[in-house]
Amino acid sequence: MSPSAADPPAAGAEVVLEARAITKHFRVRRSLRVLAGGQRPVVHAVDDVSLRLRRGTVTAIVGESGSGKSTIARLLAQLYPTTSGELLLDGKTTRAKGGRAFRAYCRNVQMIFQDPFGSLNPVHTVRYHLTRALRIHGRGGRNQEELEQALTELLGRVHLTPAGRYLDVFPHELSGGQRQRVAIARAMAADPRVLLADEPVSMLDVSIRLGILNLLRDLKERLQLAILYITHDIASARYFADETMVMYAGRLVEGGASETVTQRPAHPYTQLLIASAPDPDRIAEGVAVTAAPPADPDAALPAALTGGVGDAHAVAEHEAAVVAEAEADSASPGEPPSLIDPPPGCRFHPRCPKAMERCRSELPPRFAIGDDQWAACWLYDGNPLAPEPDAEPARTGPARTGPEADAEPAAGTTGARAASTTSTGGEGTA
Amino acid sequence: MNGPVLEISGLNVDYGLGDAAVRAVRDIDLTLNRGEILGLAGESGSGKSTLAYAITRLLPPPGVITGGHVRYRPAEGGPADRNGDALKAGTGGAGVDILELGPEQLRAFRWQEISLVFQGAMNSLNPVHSVRSQLTDVLVAHRPEMSRAARNERAAELLSLVGIPADRLGSYPHQLSGGMRQRVMIAMALALEPEIVLLDEPTTALDVVMQRQILRQLVRLREELGFSVVFITHDISLLLEFSDRIAIMYGGRIVEQAAAKDIYRDARHPYSHGLLHSFPALHGPRRELTGIPGSPPDLKGMPTGCAFHPRCPKAIAPCSERVPALAPAGPGNRTVACWLHTEHRSGDS
Ligand SMILES: Nc1ncnc2c1ncn2[C@@H]1O[C@H](COP(=O)(O)OP(=O)(O)OP(=O)(O)O)[C@@H](O)[C@H]1O
Ligand SMILES: Nc1ncnc2c1ncn2[C@@H]1O[C@H](COP(=O)(O)OP(=O)(O)OP(=O)(O)O)[C@@H](O)[C@H]1O
Ligand code: SF4
Ligand code: SF4
Ligand SMILES: [Mg+2]
Ligand SMILES: [Mg+2]
């Protein structure tokens, strides 16, 4: 397989786990039928998601709360069945629940849950949790001494030292961060090939967070783990993930090399996400987020982003402007969409400052941007379609022409990037 | 608007008794002013949640408050007045000491006067009740005069405050994402418009767009209703933007306390400085992150002197022997507990 145009840098590495167009719809109560117009209502938690996890690679998913990130992880861990779509471990379809193949799948694919408060049993000690996990996966050693050593090593890996202070305590005796480290240690006990980490560090403070991320990176490199790293901290995705994908309202909307996605976000939702990240430079430079935006929000940008030289002040000012723009221009600023009755077309259109007519009805396919990034956004129409991981043509079809497309600045990768960042030309910010 | 609404003095909290005790919170002096957003930051295990539990008298066993006062001074015409007068008796100019309230007074006090969103609160929703009924239950209990329709309307309004579409009112907790559950808990804490809202890591499961939206709502409500917020988090970058003042905890003590911008521009305590420089930057060149070397102190075997000294790059002679007291350090009502900034360094201990 030759690396395709829009594949991330690690494209060459062997694919361990692959999802092809997976979808998950949850049924909701009948009384809501009225709202959904008579049809049996469902929550469109995940729609048509395709992704690949590669050996020795960290893939991040960032995105809005409630956008379906945890659901993807649970589907990959086969904690519940997909509504449609396919999962492949080492290229082989996995179907039957139960049986040997399923157990092997579970051993290979381990999950760290979002929330350490619910995932540890309050009536058992740390020793019990870890011993059990080690034994289930046949790593408990042959005698007490080896077990003790394995336990000490596990706790050491997550910086709970001295181990003696933590082994015989109950979860409630630990602080939130300490508890999450125990949960991480438990997943590591399985010695998995794929680690699905759902917000593994969001409860940890920065100094420990760094240690854990470095630890996960070390495991990735040493054991060639394929890691799915779900986070809402996009800055940590930049540092820790090779590839980053962005999710909005049940769909992946952008993906590519982490550095590119975080430094030159293409999709308007990603731009909003990046601009909203806490940035102390804003207060340092006296650019309050709540302050009125500069008259021309885009004026500051070319110098800051396209000039190549990082001018913190200009960037901070621009971002305050992006946030203000998104809030001022859309009808209901921060309002996330209903997933029971998701907006037609591009799901971001009700909040998108750059929405065009077609966005309201046509679902945008993935367009390639440069050679290591793609976005599902009509602003990039005219760019080559990015190959989906499953290599099937996008089902909505490449509607390549349209009045809005003509109004865009020059096509091609740099043109597309300019279109995303210098915006207002053409379609107007209604 | 200003003037203290909560004054904590000499507060000490242990887990367990005697020699086995873990001294989780030590000698805390802290003031929350009316209408202020106070950030409480510090690494995991530094005692932030313990402090919040002690203030609200929700400390789980074996936690014991071994000393100190938490004085609450409700505003005239503020929520305390609106919410009835269970606390009026004895709230003259001096206010009440929360640590001395009886069980009856405490019940009236929680939610109405002060509400706490627990760390990990996303799990404290009742799994068998819908979001609607959990939100309206709070109103039934404390606002019996409200009509059913008004309660439902208020529930929808509270949800939209935290960015959840009203069509999710009928959802059960397991049908919501982690961040959505967290937001329902925030909505519940705001339901009765209390005077003080304590939020313990309320946004750890939220994306930045949502965090910003919720914080902005808090700021707006703060202006409308004049309440005060204590915002606990280890994400100091968030605090820098949204809080008025920040207190930083280390090893159970407050080690620095100043206006948010003063902390950002000129953190005095070496630990605060380390905290500020250990989060990854989204912008600019990728730099190597160092974090703070070493590991957090073991509360059972606390280092002598300044608890930070084994990790401190600037430690000097007295650091390993004597505990530096939280003392005034320059203009802007800032305080710091560090021998580098203590004038009377030669004083005996
Ligand atoms: N069992 C379920 N029944 C019905 N709806 C569900 C169920 N589980 C999840 N959902 C819905 O699916 C959507 C996606 O949830 P998910 O937990 O995947 O979000 P998330 O991206 O992980 O969010 P967060 O960042 O807040 O954790 C949400 O709207 C949620 O309410
Ligand atoms: N029930 C308990 N018994 C014994 N020790 C406890 C108990 N609860 C907490 N501790 C200890 O008290 C210290 C402070 O815990 P606390 O939960 O207040 O920290 P925190 O600052 O909130 O940390 P985090 O950021 O991880 O939530 C920790 O060292 C913890 O291990
Ligand atoms: S497709 Fe249209 S609405 Fe969607 S993000 Fe792109 S410009 Fe905005
Ligand atoms: S008192 Fe000493 S050890 Fe403690 S922070 Fe200050 S300089 Fe460092
Ligand atoms: Mg989640
Ligand atoms: Mg805590």
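Numerical summary
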read-out	value
Interface burial for B against A (accessible surface, 1.4 Å probe, total of both chains, Å², rounded to 100)	5300 Å²
Pairs from A:354/B:261; A:220/B:48; B:261/B:314; B:48/B:314; A:69/A:220 whose Cα-Cα separation, in the structure shown, is over 30 Å	A:354/B:261; A:220/B:48
Equivalent ellipsoid, region A:135-191 (semi-axes from 5 times Cα gyration tensor eigenvalues, Å)	19, 13, 9
In Hz, Karplus ³J(HN,Hα) per residue of region A:65-80 (6.51, -1.76, 1.60; θ = phi - 60°; x = Gly, Pro)	4, x, 7, x, 5, 5, 4, 4, 4, 5, 5, 5, 7, 6, 6, 9
Shielding by partners, peptide A:169-175 (average Cβ within 10 angstrom, other chains)	3
Amide hydrogen neighbours beyond the local backbone of residue B:67, cut-off 5 Å, H modeled	B:12
3J(HN,Hα) from dihedral phi, region B:156-172, Karplus parametrisation 6.51/-1.76/1.60, rounded to Hz, x for glycine, proline	5, 5, 5, 5, 5, 4, 9, x, 10, x, 5, 6, 9, 4, x, 6, 9
Scattering curve values for chain B, log₁₀ I(q)/I(0), Debye with Cα scatterers, q = 0.12, 0.16 Å⁻¹	-0.91, -1.49
Extension gain (nm, one decimal) between residue B:69 and residue B:123, 0.36 nm per residue minus Cα-Cα	16.4 nm
Solvent-accessible area per residue, Å², over region B:4-250 with all protein chains present [probe radius 1.4 Å]	34 Å²
Peptide B:172-178 - average C-beta neighbours from other chains (10 Å radius)	5
Pairs of Cα atoms farther than 13 Å apart, region B:184-228, %	55 percent
Stokes-Einstein D in µm²/s, Kirkwood radius over Cα pairs - region B:203-308 at 20 °C with 1.002 mPa s viscosity	136 µm²/s
For region B:181-192, Karplus couplings with θ = phi - 60° (6.51, -1.76, 1.60), whole Hz, Gly/Pro x	5, 4, 6, 4, 5, 5, 4, 5, 5, 8, 3, 9
Point-to-point label distance, residue B:146-residue B:298, nm (Cα→Cβ direction, 7 Å offset)	5.0 nm
Residue mean of other protein chain beta carbons inside 10 Å, A:240-252	0
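The values are calculated or read from the model by the stated rules, or taken from the named source; none is laboratory data. The structure presented is a predicted model; accordingly, all values stated were derived computationally and were not measured. Neighbour counts are summed over all protein chains in view; Cβ atoms, including those assigned to glycine, are modelled from backbone coordinates with ideal geometry. Protein only, heavy atoms only, side chains kept; ligands, DNA and RNA dropped before computing areas. Shrake-Rupley method; radii C 1.70, N 1.55, O 1.52, S 1.80 Å.
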